[in-house]
1. Test each condition in (1) touching a Gly at 6+ places or on another chain (Cβ under 9 Å); (2) within 14 Å of the ligand (Cβ to nearest atom); (3) within 21 Å of Thr22 (Cβ to Cβ) for Ala176 and report the one that comes out false.
2. With the checklist (1) assigned to a loop (DSSP other than H, G, I, E, B); (2) touching a residue at least 60 places away in the same chain (Cβ under 8 Å); (3) more than 8 Å from the ligand (Cβ to nearest atom) in hand, flag the one item Asn262 doesn't pass.
3. Can Gly251 be described as within 16 Å of the ligand (Cβ to nearest atom), open to solvent by 40 Å² or more (accessible area, probe 1.4 Å), assigned to a helix (DSSP H, G or I) and of a type outside the set (Lys, Arg)?
4. Report yes if Ala212 is out of contact with any Ser or Thr (no Cβ under 6 Å at 6 or more places or on another chain), outside the structural domain of Ile400 (by TED's automatic domain parsing) and among the small types (Gly, Ala, Ser), otherwise no.
5. Search region 144-174 for residues being assigned to a helix (DSSP H, G or I) and open to solvent by less than 10 Å² (accessible area, probe 1.4 Å), and hand back the single one that is farthest from Gly217 (Cα to Cα).
6. Of the residues that sit in region 377-395 and are closer than 27 Å to Gly315 by Cα and open to solvent by less than 20 Å² (accessible area, probe 1.4 Å), which one is nearest to the chain's Cα centre (by Cα)?
Amino acid sequence: MNLENLSLADWQKAAAATLKSTPTGLFIDGDFVGSKQSIESINPANGEAIAAVSAGDEGDIDRAVSSARDSFAGGAWSRMAPRDRMDVMYRFAELVREDGQALAVLDTLDMGKPISAMVEDDLPGVAGFIQFCAECIDKIEGRVTNTDAESLHFVSREPYGVVGAISPWNYPMLMAAWKFAPALAAGNSVVLKPAEQSPLSCLRLARLFVEAGGPPGVFNVVNGLGEVAGKALALHQDVDKISFTGSTAVGKLMLQYAGQSNMKRVSLETGGKSPQIFLEDLPDLDAAVEAAIYGIYSNQGEVCNAGSRLLVERGIYEDFVAAFRERGREEFAVGDPLDPTTMMGPLVTFEAQKRVLGYIEKGQAEGASLEFGGGVPGGLEAGAYVEPTLFSEVNSQMTIAREEIFGPVASILPVGGPEEAVAVANDTPYGLAASVWTADLGKAHRMVRDLQAGMVWVNTYDEMDFTLPFGGHKQSGNARDNCMESVISYTQQKAAWINIAE
Ligand code: NAD
């Protein structure tokens, strides 16, 4: 079905039909099972409860980990011939595309993301990345080292075993796929704990994996609260690796849990406060302002690499602020996220709305200049909406320039030149992403070199490709998502020394 031409009425119909039949249990050993507790999923566009979803406790995590361990030890997946494993993953990607309408609608209802973003970005991202990971499977290679004639040394790569994946709500399926797809491709079994704010879509994904021919027990999903199910998973003695995407504060807990339990491997993708630097010699001010607007307002600003700090050289500062003010105020149509014309939905929860409005108040109190926005859009008071907001005259000591707001709030900071820009850009505990806008090739290269970030764009922003590693420096994490390396990161090396002397 072509999802690009559907109307609001089509999506409303799809939402009602999907909610009636979508699974809400825990997915363990290839089947949906109940649990003692449940969590309510609330639609942040209107505050209505949309589903009661099973919430796992320690016992449920234990059952899911046992199922994952048994499936791994049984070898039906972990020792499946690479080509056969690839076939299952290719089929899995196809089924995600076929189920696209239901999957898209669930994330939109759960966390408020505009349906157009689901159709254009998240869905193709999830299916495409599963396919990319499938393509990597028979490219995982070891090596033979150069030794004396009496021995043969080889180094192979094998899956860890049981991988625990803990994911956030801002791209519910995509962030989960960045974990489970490479882990599965490498031959591991997985227990996924999605964010409690967006529990529905990953249950369908796990079922599609089994429909594609994935053996039961290889991909389990246990929803639940972070401090209950997430913690039990990260502390579990029989989980070999935990792969986490979420806040830096909880990422630090993952390191502690690993130390307190079995020293499981920990990969972290955490928060950010990403700078975009606009220098006087940038090639095209219009294109730069457009990228700045998209860089902060896409996905309601709930993006780990949101370009939330706009560092603008003084010579173009006035023009930049004026252009952003003129276009940024209107460019993102705020409204019902099921409406295909909406570009900005509500924030994920009313609590998030309160937190973001609190940052806006603080920005004003600390002396930043509010150019537009700052409140709840008229007529949308029933949802967790915040207007696209712009501050100028921000300095790097203000709270809005230091803390991750995770909402549609842009801050423009004037800077004196490239050196000051790099110093301000790096003055943060985070190091996820950055960009530089300049027509000077040498300057661009020097700034790419000097910026402390895992991803630096030049004269563009927020572009991604499956082949390019995505991940942070400093307290933005230690892992790399996307790319062949991410598949490799779900394997461990084994060295073999074979004595071939007569
Ligand atoms: P969060 O840290 O609150 O939650 C993330 C996950 O951790 C959820 O599944 C949650 O249930 C679980 N969790 C919470 N407390 C836990 C605990 N004590 N033990 C175990 N698990 C626990 O983050 P969030 O609000 O869901 O997501 C927003 C954050 O994610 C932002 O900081 C954002 O920058 C970050 N993020 C980073 C990337 C990246 O690639 N670097 C991508 C997306 C989001």
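The values are calculated or read from the model by the stated rules, or taken from the named source; none is laboratory data. What you see is a predicted model, and the numbers here were worked out from it, not measured in a lab. Heads up, the Cβs are rebuilt from the backbone with ideal geometry, glycines too, and the neighbour counts pull from every protein chain shown. SASA here: full protein model, heavy atoms, side chains in, ligands and nucleic acids out. Shrake-Rupley method; radii C 1.70, N 1.55, O 1.52, S 1.80 Å.
1. That leaves (1) as the condition not met.
2. Only one criterion in (1) assigned to a loop (DSSP other than H, G, I, E, B); (2) touching a residue at least 60 places away in the same chain (Cβ under 8 Å); (3) more than 8 Å from the ligand (Cβ to nearest atom) is unmet by Asn262, namely (2).
3. Working: within 16 Å of the ligand (Cβ to nearest atom): yes; open to solvent by 40 Å² or more (accessible area, probe 1.4 Å): no; assigned to a helix (DSSP H, G or I): yes; of a type outside the set (Lys, Arg): yes.
For Gly251, the condition - within 16 Å of the ligand (Cβ to nearest atom), open to solvent by 40 Å² or more (accessible area, probe 1.4 Å), assigned to a helix (DSSP H, G or I) and of a type outside the set (Lys, Arg) - is not met.
4. yes
5. Step by step, filter region 144-174, then rank; the result is Pro172.
6. Looking at residues that are closer than 27 Å to Gly315 by Cα and open to solvent by less than 20 Å² (accessible area, probe 1.4 Å), I get Pro388.
Yes/no matrix, rows are residues, columns are (1) assigned to a loop (DSSP other than H, G, I, E, B); (2) at negative phi; (3) of a type outside the set (A, V, I, L, M, F, W, C); (4) open to solvent by 60 Å² or more (accessible area, probe 1.4 Å):
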site: Gly375; (1), (2), (3), (4): yes, yes, yes, no
site: Ala401; (1), (2), (3), (4): no, yes, no, no
site: Ile405; (1), (2), (3), (4): yes, yes, no, no
site: Ser411; (1), (2), (3), (4): no, yes, yes, no
site: Ala421; (1), (2), (3), (4): no, yes, no, no
site: Val424; (1), (2), (3), (4): no, yes, no, no
site: Ala434; (1), (2), (3), (4): no, yes, no, no
site: Arg446; (1), (2), (3), (4): no, yes, yes, yes
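Yes/no matrix, rows are residues, columns are (1) surrounded by 22 or more Cβ atoms within 10 Å (Cβ to Cβ); (2) part of a loop (DSSP other than H, G, I, E, B):
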position	(1), (2)
Ile316	no, no
Gly328	yes, no
Pro337	yes, yes
Glu361	no, no
Glu371	no, no
Gln397	no, yes
